[in-house]
């Protein structure tokens, strides 16, 4: 359906229209333009090369897998759409090149995945859900000749102040905060009028703009508006009468548009709005661990000034690009007739790559008598659900249990889900609560994993009732003091942590301990295993 829709759209464009596709990982040199290295080395002077955005001026640009665009690339597209031009300020050039183009961005994300970056999605007026289309309607009244005529008449179409005001009122009623939405709605209304052969946009064009631009952007569930609530302002525009379509309309235009918007809001969107949702999840989708820049291995992310060695590899193209503008000057000082390229140490550029580190999640489970009495079963179930989620993310997991026998590392970091479940099922409950010893054990393990270059997070499930010191002495006050001191030491290292209070009633000490630990605190006195697991997933990024 995507290919059929695209082919149908391109058939309506003039034959001479330029249509290009933008590769997903396009570089700034190719997108914006810059130094033409081959021409520069041949001519002996800097030669500028147009980028894709300037080459497509007046045409159509197609972006496949637009949901995978980086924030930097999306901002480049957004800037060109706003300005209608590309400002080239790199490689010693300062130029402004026209870049007015139509952008078609295909969102191929799955359910629950983040879609097209918001900065770009906000600037694309029309949103078409191809999943809802079974066949393309054949409209003989719309063909290439009609489109060509509409293009010629577009700038002559007048949109009255009454229509503009009504579109703005409708956008406000739908909870649309961006001013781009009503601006784009006005453009769509003008295009609708041009296609219909009208010189003035009327109510039908405003309704089309609401259906196509404003309704899909609704962020609130709108209520019925009466004429008394939204009085219509009379228009003094000379074309107002023609734009309204009739003088005896029974309700103001903005009320009519709001009713149209209510009918056109997608049902699933409205249900999500009522439930407080409406946005896609921005989860990690199987990726875990923080990213870090390195010179050795990983995904290329650019270049850096430096010399090859210690794993860094020279970037030949960027090195020559840096040296090219200086060749005339350097040849004068050397041999003027030499055809060699003079490269100096300051010109050297090396590859810079980004590597995603592995993640280790350390579960610290309170198996003491007080916890086993109330919540130990739910805590086991929650950890088992979280272990499954870590397995999907390819995280390493470790399991520490603490009770009257002390804190014990039951499972070193591993990716074996079956082994983790087996160890979890065999944890006995009972005895005192040596919380300080458990925090020390978790810190030692976390510190060792961090030294191996991994991203570490700690999930502590406890009822917040320590009563055993590190040396085995009983005493609640002393045990609490040791636990707080151990937490402060862990916080100083910057290790991400999450503390889940599993006591029947929220514990004041557990909240104090979380603050000392620098951890996110979740009090779940009436939650089952599923709720505990969901809470940890929501607080996945603890810091």
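The values are calculated or read from the model by the stated rules, or taken from the named source; none is laboratory data. Remember, predicted model here, so these are calculated numbers, not experimental data. Virtual Cβ from ideal backbone geometry, glycine too; neighbours counted across all protein chains shown.
General observations
- Only strands (runs of 3 or more DSSP E) whose full extent lies in the range 403-503 are considered here, and the ones with at least 2 residues that are touching a strand residue (DSSP E or B) at 6+ places or on another chain (Cβ under 7 Å), in contact (Cβ under 8 Å) with a residue 60 or more places away in the chain and closer than 14 Å to residue 367 by Cα are 455-462.
- The range 41-51, subset at negative phi and touching a residue at least 60 places away in the same chain (Cβ under 8 Å), residue surrounded by the fewest Cβ atoms within 10 Å (Cβ to Cβ): 45
- Taken as a whole, the structure leaves residue 154 outside the set of residues that are more than 16 Å from residue 189 (Cα to Cα), in the same structural domain as residue 192 (by TED's automatic domain parsing) and over 30 Å from the mean Cα position of the chain (by Cα).
- Look at the range 124-144: where a residue is within 18 Å of residue 208 (Cα to Cα) and a partner is part of a loop (DSSP other than H, G, I, E, B) and modelled with pLDDT under 80, sitting 6+ places away or on another chain with Cβ atoms under 9 Å, you get 129/266.
- Wholly enclosed strands (runs of 3 or more DSSP E) of the range 280-385 bearing at least 1 residues at pLDDT 70 or above and more than 30 Å from residue 468 (Cβ to Cβ): 299-305, 349-356, 359-366
- Residue match in the range 506-515 (condition: outside any helix (DSSP H, G or I) and at pLDDT below 85): yes
- Among (1) modelled with pLDDT under 85; (2) under 30 Å from residue 130 (Cβ atoms); (3) in contact with a strand residue (DSSP E or B) (Cβ under 6 Å, 6 or more places away or on another chain) - the single one residue 53 does not satisfy: (1)
- Screening residue 73 on (1) out of contact with any strand residue (DSSP E or B) (no Cβ under 7 Å at 6 or more places or on another chain); (2) free of Cβ contacts under 8 Å to residues at least 24 places away in the same chain; (3) buried (at least 17 other Cβ atoms within 10 Å of the Cβ) shows it passes everything except condition (2).
- Residue in the range 121-142 that is outside any loop (DSSP other than H, G, I, E, B), loosely packed, with under 13 Cβ neighbours inside 10 Å and out of contact with any helix residue (DSSP H, G or I) (no Cβ under 9 Å at 6 or more places or on another chain) present: yes
- Scanning the range 88-101 for residues that are part of a strand (DSSP E or B) and either within 30 Å of residue 9 (Cα to Cα) or over 29 Å from the mean Cα position of the chain (by Cα) (or both) gives 93, 94, 95, 96, 97, 98.
- Scanning the range 460-472 for residues that are at pLDDT 85 or above and out of contact with any helix residue (DSSP H, G or I) (no Cβ under 6 Å at 6 or more places or on another chain) yields one hit, 460.
- Restricting the range 18-31 to residues that are touching a residue at least 40 places away in the same chain (Cβ under 8 Å) and in a loop (DSSP other than H, G, I, E, B), the residue that is farthest from the chain's Cα centre (by Cα) is 18.
Residue-wise test of (1) out of contact with any helix residue (DSSP H, G or I) (no Cβ under 6 Å at 6 or more places or on another chain); (2) modelled with pLDDT under 85; (3) surrounded by 16 or more Cβ atoms within 10 Å (Cβ to Cβ).
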residue	(1), (2), (3)
148	yes, no, no
159	no, no, yes
215	no, no, yes
218	yes, yes, yes
223	yes, yes, no
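A quick yes/no check of all residues on (1) on the phi > 0 side of the Ramachandran plot; (2) assigned by TED's automatic domain parsing to the domain that holds residue 149; (3) surrounded by 18 or more Cβ atoms within 10 Å (Cβ to Cβ); (4) not in a loop (DSSP other than H, G, I, E, B):
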{"site": "7", "(1), (2), (3), (4)": "no, no, no, yes"}
{"site": "16", "(1), (2), (3), (4)": "no, no, no, no"}
{"site": "39", "(1), (2), (3), (4)": "no, no, no, yes"}
{"site": "54", "(1), (2), (3), (4)": "no, no, yes, yes"}
{"site": "77", "(1), (2), (3), (4)": "no, no, yes, yes"}
{"site": "103", "(1), (2), (3), (4)": "no, no, yes, yes"}
{"site": "114", "(1), (2), (3), (4)": "no, no, no, no"}
